[in-house]
Amino acid sequence: MTTSTAGSAPIVAPKWYVSAGSLKVHPALAKVVDEKVVPGTGFSSDYFWRCLEQLVGELRPELEECLLRRDGLQKQIDSFYERSLAAGTEANSEAMTAASNKLLQEIGYLEQDQGPVSVTTQFVDPEIASIPAPQLVVPSDNARYVLNAVNSRWGSLYDALYGFDVIPTLAVDTKGSEGSSGGYNSTRGAAVIDFACNLLDEITPLDVGKWSEVTRLWPKFVGSTQHLELLLSSGQTTSLKTPALFVGAIGNLGPPRGSINGPQPIDASAPGQPDKGRVFLKHNGLHLILEIDRDDPIGKSALSGIKDITVESALSAILDMEDSVSAVDAEDKAKVYANICGVLRGSLEAPYVKDGKALVRRARPDIWFRDQKGDAKSLPGRALCLIRNVGHHMFSDMAVTADGKPVPEGFVDCLVTVAAALQDLRGTADLVNSRHGSIYIVKPKMHGPREVALTNTLFGRAEEFFGLRRNTIKMGIMDEERRTSANLRECLRVAAARVFFINTGFLDRTGDEIHTCMRAGPVVRKGAMRGQLWIKAYEDQNVDIGLFAGMQGKGQIGKGMWPKPDSMKGMLDAKIAEPMAGASTAWVPSPPAAALHSIHYHRVDVPTRQMQLAMRPPRKMEHLLTPPLVKEKLDAETIKHELRENAQSTLGYVVRWVDLGIGCSKVPDLQNVGLMEDRATLRISSQLLSNWLLHGLVTEQEIREAFKEMAKFVDQQNASDKAYRPMSGNVDDNIAFQAALQLVLDGQKSPNGYTEFILHDARRRAKAAVSSRL
């Protein structure tokens, strides 16, 4: 995979590449297009390649102009800071801020504000448009992970509570509790049931009594509509305080005692019908399914017979081709494309072994039940899939033009994604993804309105190629680059008819902030970034602009990832801040995290909260454009700790990316706390150390020594992984180590501070080295 900010120098395609019109195509890519992409679409492989050929001819010149524009603006900003500091202007002064803002306007970095804009996107699925809920992001190169994400629309609340730290571990849990030796712990289980009952009391309260007092529950017709009736331990019957929260049921659920001779008094001890079924509740647009089974061990232990609560969790899932994957050549990309085709057509399968049995994981079917009127209804069984393509700066030699240039990788991504979704649009896929007939593509790392307009043109041409209604392809805009943040309203304007998603990508946004202001002065420590003026302005402005543009009912306003997948109590305590901030979705790292994060969307009425936030005054642009520079001199110990911490995180991620091809994983930090890491987190660490090197807080020698020290530490952290190859034995010849070091030493000149260029080259060399040893 060749990468460059302005295209690449001509290359010679190997003789074994396949001819496709004027293109030369890697056989792996040609095969996946022949066997996975075009079958069932009504279009041939030849037509697919002609479309790509035409796209490249039409749009590559504009793409290259956009990338050159990025470089040109950065050079002018670098030059400004160098001149200003040389003239004695203090980096943190108001004079510097005013002068830099003036420069940004003069050079066109800040676009002219054209006034209010209205988003007009149509045919958007309710999972995106109207139901606030968690969102799962998953690497698309692993079929098992993809299916886990697709199936994470529904999750076990009991499993999420029992298996993580939300329920504290008590002394009795490990000392004599029934089943505590490797099996079910009844004490912990009782605490889970108690938590669930309290949650139901909070969001679906009873007219009389508490959920912990419920002994039976069943649907009962009152006239032509069913209501939920509940029996309490006192013998009293009750109902939901808000009866409309009950939306249906299925199974054998009935009153404790039936009679052919007319109504009889309720008798809690009478056997009646067997309690085994499902009760469906709906609150704030999200469903909860009470799983009732008195024959189940957990159901037996609960007074109500409820063995679990299945909660509607991740309503949407981003299948990622970008930051969380390590796809560096045609073989890697072919695997990604095959998975995308499989999931959008409902045919994806992933074999696995459990308890010695060979099984196959598939996408879940829809869920059927009887509603309040007794009519059969269904709920989607799967998360709505959104596909994140690569950014405009990525070029790939998996297809080469007649003049020897690698094609823009995002062009191939777009055509494959649209072709993969055609059967879904026509109703011929095995399972439905979009019920409203849309294709959802999230486009990352766009810099400003011109690049958004390029994406809009790209999507429009793809619609024409495949005969789709205009604006069938919806655009997700990742607000993760500084120039996009500063011009977000104008970005929405050029995509107003197809934008469905804007998201604050704090991690990439921080990396771009550091790189853009690289020469302004030394930046604050990584842990202090969250407290800087620009980040608060950034987070607030993303919501404000989305609300003022009318995203409500048409799209999502999103927030970023929870980084600690094992700390679910911390997530449950902290992540409610995101819906409170007006976000209609936020990213989670796992299905259990999605189940727990769904609680926040029950506790916060997001549309009402958005109405409240829409009345606040907008953030000032100068706040957004204030660089996060240190205000006081850092002591030597603080600098040393930050150097070691960032060296460790860089090495810990890069070694798995380069040697194992893992683009996203839980990487232990310096304190051995597992953190979710992808290229965005790497961008911060490498850019921060590059910045400190430039401004003399650390020397190159200190960086090299810290990396050698941390290589030994990372090797120890990965000692139990049989596939892991240690770095510290010979760092001079270790590809992963040298790539990690290069990310820092060359970080100042890496376009926009992106890590892809160095990582892709290193991964390809590492794969070649493995092949040569075989």
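The values are calculated or read from the model by the stated rules, or taken from the named source; none is laboratory data. The structure presented is a predicted model; accordingly, all values stated were derived computationally and were not measured. As a convention, Cβ positions derive from the backbone with ideal geometry for all residues, glycine included, and neighbour counts pool all protein chains shown.
Observations on the structure shown:
- Residues of region 377-413 that are of a type outside the set (Val, Ile, Thr), in a strand (DSSP E or B) and under 13 Å from Val25 (Cβ atoms): Ser396, Asp397, Met398, Ala399, Pro406.
- Taking first residues from region 627-649 that are more than 28 Å from Lys666 (Cα to Cα) and partners that are among the basic types (Lys, Arg) and outside any helix (DSSP H, G or I), the Cβ contacts under 8 Å between residues at least 6 apart in sequence or on separate chains come to Leu634/Arg525.
- Breaking point among (1) farther than 13 Å from Thr238 by Cα; (2) modelled with pLDDT of 95 or more; (3) not acidic (Asp, Glu), for Gly176: (2)
- The helices (runs of 4 or more DSSP H) found wholly in region 1-112 and carrying at least 3 residues that are over 32 Å from the mean Cα position of the chain (by Cα) occupy 45-86, 94-106.
- Where helices (runs of 4 or more DSSP H) fall entirely within region 488-565, those with at least 2 residues that are within 30 Å of Val698 (Cα to Cα) are at 506-516, 533-548.
- Hits in region 21-62 - residues which are closer than 24 Å to Ala429 by Cα, acidic (Asp, Glu) and touching a Ser or Thr at 6+ places or on another chain (Cβ under 7 Å): Asp34
- Among the criteria (1) among the hydrophobic types (A, V, I, L, M, F, W, C); (2) in contact with a Pro (Cβ under 9 Å, 6 or more places away or on another chain); (3) outside any loop (DSSP other than H, G, I, E, B), the one Ala453 does not fulfil is (2).
- Of the numbered criteria (1) modelled with pLDDT of 95 or more; (2) out of contact with any His (no Cβ under 7 Å at 6 or more places or on another chain), the one Asp295 fails is (1).
- Sub-6 Å Cβ pairs linking a first residue in region 296-322 that is assigned to a strand (DSSP E or B) to a second residue that is polar (S, T, N, Q), at least 6 apart or interchain, are Asp308/Ser156; Val311/Ser598; Ser316/Gln135; Leu319/Ser140; Asp320/Ser140, ordered by first then second residue.
- Elements of type helices (runs of 4 or more DSSP H) contained in region 566-646, each with 3 or more residues being surrounded by fewer than 21 Cβ atoms within 10 Å (Cβ to Cβ): 568-574, 606-613, 621-624
- Test for Gly460: is it in a helix (DSSP H, G or I), surrounded by fewer than 21 Cβ atoms within 10 Å (Cβ to Cβ) and more than 23 Å from the chain's Cα centre (by Cα): yes
- Residue in region 718-736 that is surrounded by the fewest Cβ atoms within 10 Å (Cβ to Cβ), counting only those that are closer than 16 Å to Ile662 by Cα and in contact (Cβ under 8 Å) with a residue 40 or more places away in the chain: Ala723
- Region 469-487, residues that are assigned to a loop (DSSP other than H, G, I, E, B) and closer than 18 Å to Leu384 by Cβ: Asn471, Thr472
Results for (1) surrounded by fewer than 24 Cβ atoms within 10 Å (Cβ to Cβ); (2) over 17 Å from Leu689 (Cβ atoms); (3) free of Cβ contacts under 8 Å to residues at least 12 places away in the same chain; (4) hydroxyl-bearing (Ser, Thr, Tyr), shown as yes or no for each residue.
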site: Asn503; (1), (2), (3), (4): no, yes, no, no
site: Gly511; (1), (2), (3), (4): no, no, no, no
site: Arg519; (1), (2), (3), (4): yes, no, no, no
site: Pro522; (1), (2), (3), (4): yes, no, no, no
site: Lys526; (1), (2), (3), (4): yes, no, no, no
site: Gly531; (1), (2), (3), (4): yes, yes, yes, no
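- Residues of region 749-774 that turn out to be in a loop (DSSP other than H, G, I, E, B) and more than 26 Å from the chain's Cα centre (by Cα), as a count: 2
- Options Thr504, Thr457; residue that is β-branched (Val, Ile, Thr), in the same structural domain as Ala586 (by TED's automatic domain parsing) and at pLDDT below 95: Thr504
- Scanning region 194-232 for residues that are out of contact with any strand residue (DSSP E or B) (no Cβ under 9 Å at 6 or more places or on another chain) and either crowded, with 22+ Cβ neighbours inside 10 Å or under 18 Å from Ala302 (Cα atoms) (or both) yields Asp194, Phe195, Asn198, Asp201, Ser212.
- Residue in region 653-664 that is in contact (Cβ under 8 Å) with a residue 12 or more places away in the chain and surrounded by fewer than 20 Cβ atoms within 10 Å (Cβ to Cβ) present: yes
- Annotation for region 28-36: no member residue is basic (Lys, Arg) and at pLDDT below 95.
- For region 194-210, a tally of residues being farther than 12 Å from Leu290 by Cα, of a type in the set (A, V, I, L, M, F, W, C) and touching a residue at least 40 places away in the same chain (Cβ under 8 Å) returns 2.
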